[in-house]
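A short worksheet on the structure shown next.
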Amino acid sequence: MKLSHFSIGTAALCLASFALAPRAQSAELTLSQEGWSSWQIGAVDQAPDWCCWSDGINFRDAARMSCRLDASSQSFGSRDHATSDTVRVYAHSAGGKIDRLRVLSTTCPVETATPIHDLGRVADDDSARWLLSLAGRRDGGVNTSRRDDDEVVAALAALAVNRGDVARDGLAGIARNDARIETRKQAVFWMAQMRGREGADITSSIMFTDKDAEVREHAAFSLAQSESPRVTADLIRLGNTDRDAEVRAQAWFWLAHTAAPETESAIFTALSKETDAEVRERAILALSRLPDERAAKALLTIAEDRSQSRELRKRAVFWLSQSDSDTALTYLEQVLTAN
C-alpha cells in the first residue's frame, strides 16, 4: 500500500491566501462573493484520488477522512495508486476575492463551516481558463517575491489535473514563459507528474532547450519522478550534453535515484569524458545512491580503477565506507588487512 502524503499547510498543494487573486466573478464561472464555491471537472488520465487521511507515523494505516476546507493544516494525498476520473475544485471568496483554493477527488468528503455554493459540472476548458487567470494575476516582474510564487502552486496543481488542451497548453505556457522562475519550476513539476506521456514530452523539451539552468535542473528532477519510459535516455543525454556543470551533475544524481539498469555504464562512460572535477565527484556520489549491492559494486569498480584519479578513487572508498553492504564491508576489511 502506497500513500503519497502532503501537508495542506505547505505550498505543495494548498493555497493559504490569494490576496491579489482575481475577482470571484468570472466570464465563465459565477462564484459566491463570500464563502466556498465548488465545481466538478473531468480529470486527466490516471489523476490521483486526492483526499484527506488521518495523521500517523505509518501512512499505510492512514484512514480516509473528511477534508476540513476551513482548516489551516490537514494531511492529504493519495494511496495505492488509486485514480479518479473527475475532480472537484473548491474556491473560497472573501470580499469578492479568492483567498483559498483546493482540488480534491470528487468522491472525497469535505466539511465547511458554511454552505458550499455548488456550480455543478463545469466545462473543462472554462475551469482551465479560470485557473489560468488565477495563476496569472501576479506582477510577473523580476521583483515578484517567492511568497507570490508559492501562492499560485495550488492553481498550477489544479490545472495539472484539469482535463483538456486549454489546461495543458496553459500550464506548458507558464512552464516555458512565466517571468517567475519558481512558478515555472512548479509548473514543470506538475506537468511531469500529472499529464502522462504528453507532460513528460513537454518537460523533456524544457529540460533540453530552456535558457535557465535552474529550470533545466528542476525539469530533470521532475522527469525523474515521473513514470515516463523516456526518463533514462533523457537523463543520460542531459548528463552528457548540458552546458552547465550543475545540471550535468544533477542529471547523474537523479538517474541513479531511478535505479535504471543503464546507470552504472552511463556514469562510467561519462567519467572518462567529463572535464569538470566537481561533476566527476558528484557522479561518484550518484553511484552511492544506487541500491546497496549495486552501489557497492559500482564504487568498488571505481576504487580499483587505476586509470581514475587518486581523488576520485578516495571518494569512492569514502562512499563505500558509508555502506552496509556485504561487498563494501568485505572490500574494506581486505584493504585494512593489507595495510
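Quick check on the range 203-216. Is at least one of its residues modelled with pLDDT of 95 or more and under 22 Å from ARG129 (Cβ atoms)? Within the range 203-216, not a single residue is modelled with pLDDT of 95 or more and under 22 Å from ARG129 (Cβ atoms). Of the helices (runs of 4 or more DSSP H) contained entirely in the range 188-294, those carrying at least 3 residues that are surrounded by fewer than 18 Cβ atoms within 10 Å (Cβ to Cβ) fall at 196-209, 231-241, 245-258, 263-271, 277-288.
The listed residues are ILE98, ILE41, and the only one of them that is at pLDDT below 90, surrounded by 15 or more Cβ atoms within 10 Å (Cβ to Cβ) and either of a type in the set (Ser, Thr, Tyr) or in contact with a strand residue (DSSP E or B) (Cβ under 8 Å, 6 or more places away or on another chain) (or both) turns out to be ILE98.
Can you name the residue in the range 80-95 that is among the small types (Gly, Ala, Ser) and assigned to a strand (DSSP E or B) and is also surrounded by the most Cβ atoms within 10 Å (Cβ to Cβ) among such residues? Looking at residues that are among the small types (Gly, Ala, Ser) and assigned to a strand (DSSP E or B), I get ALA91. Return a yes/no flag: does the range 143-162 have any residue that is modelled with pLDDT of 95 or more and surrounded by fewer than 21 Cβ atoms within 10 Å (Cβ to Cβ). Looking through the range 143-162, none of the residues is modelled with pLDDT of 95 or more and surrounded by fewer than 21 Cβ atoms within 10 Å (Cβ to Cβ). A single entry from ALA179, ALA192, ALA219 fulfils the requirement of being touching a residue at least 12 places away in the same chain (Cβ under 8 Å), within 17 Å of ALA251 (Cα to Cα) and touching a Gly at 6+ places or on another chain (Cβ under 7 Å): ALA192.
The values are calculated or read from the model by the stated rules, or taken from the named source; none is laboratory data. Every value quoted in this text rests on a predicted model; they were computed, and no experiment measured them. Methodologically, a virtual Cβ is constructed for each residue, glycine included, from the backbone with ideal geometry; neighbour enumeration extends over all protein chains shown.
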